[in-house]
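The values are calculated or read from the model by the stated rules, or taken from the named source; none is laboratory data. Small disclaimer: the values here were computed from a predicted structure and weren't measured. Backbone-built Cβ (ideal geometry, glycine too); neighbour counts: all protein chains shown. SASA here: full protein model, heavy atoms, side chains in, ligands and nucleic acids out. Shrake-Rupley method; radii C 1.70, N 1.55, O 1.52, S 1.80 Å.
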Amino acid sequence: MEVSFRLLACLVCVVPMGSLVRTKRDTTGNLLNTEMNSAPAQRWSMQVPAEVSATAGEAAVLPCTFTHPHRHYDGPLTAIWRAGEPFAGPQVFRCAAARGSELCQTALSLHGRFRLLGNPRRNDLSLRIERLALADDGRYFCRVEFAGDVHDRYESRQGVRLRVTAAPRIVNISVLPGPGHAFHALCTAEGEPSPALTWSGPALGEGLAATRSPGHDPGHQVTAELPALAHDGRYTCTASNSLGRAEASVYLFRFHGASRASTTALLLGALGLKALLLLGVLGVRAAAHHRLEHPVTPDSLPRPQAQESNYENLNQMSPRGPPAAVCSP
């Protein structure tokens, strides 16, 4: 009994030399068409580590290698690294290589701290980041684009997680006024792992755990509040994590009011002192002005006067006496 088939039958077979053959026949078994394509030796893929850890202030290397289905590609290509999220995150690095060139010339390097270590012609997009900061912590995604006769591109979806660690650093400490003439203190520190904050000061003892203030601190920062400062003196905030510790201090000295009489006396005394100082300054200025108007010159100096002569003929003034005796031989 002959059975007719109204549906197309699709036979798929693989022939030697890596070719893929698809054959379609109609219900009577007649050949419709045959498609033969070369099976790709490899597909697009990217290999990146799940996480890379480094210390702030040092350098980090983000490895990234890839495979592509195009053999012996030597056309123009572009290597790109993004931060935050794939496909839409901001670019932190980009370089381009001309046809046949293994040199990938840098077109973008955020803050000049990113440079390519790998060779894109050899399927290596590894990146080096200099002078790490806590703000560099996050996820990064590598991408390669072909722009020659073959237009193709590929980007890692998972990316590599860069974890930046840092010892604590206190970025702000202050004393602020509150209601009812009260004062409170705030301390903000940053670090990774997140630092623990403690306060010490007058009547607080050592190592009083600080209460974290509400709100969201940016990045890796934490803020702790000392709600009431009851005594004058020095208050110290200490931040610590597994990599170290840091501390900073503030001083509180409140003005204690005096009686009205003592306040008046202090005020009058201050005014009297200012008046004396003002008179002294005016006197010095007047003396200087007088010297400028009446300079002392050699002609104005007093000259010594010649004494009047009191010489007289003593012989005339002397009384006449008997003549002197003359001795003869």
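Ligands, DNA and RNA left out, the 1.4 Å accessible surface of the stretch 124-204 is 49% carbon and sulfur atoms. At full extension, Trp44 and Ala135 could sit 29.6 nm farther apart than now, given 0.36 nm per residue minus the alpha carbon distance. Computed from the C-beta positions of Arg128 and Arg254, the FRET efficiency with R₀ = 56 Å rounds to 0.55. Each eigenvalue of the Cα gyration tensor of the stretch 95-199, multiplied by 5 and square-rooted, gives one semi-axis; in descending order these are 47, 13, 13 Å.
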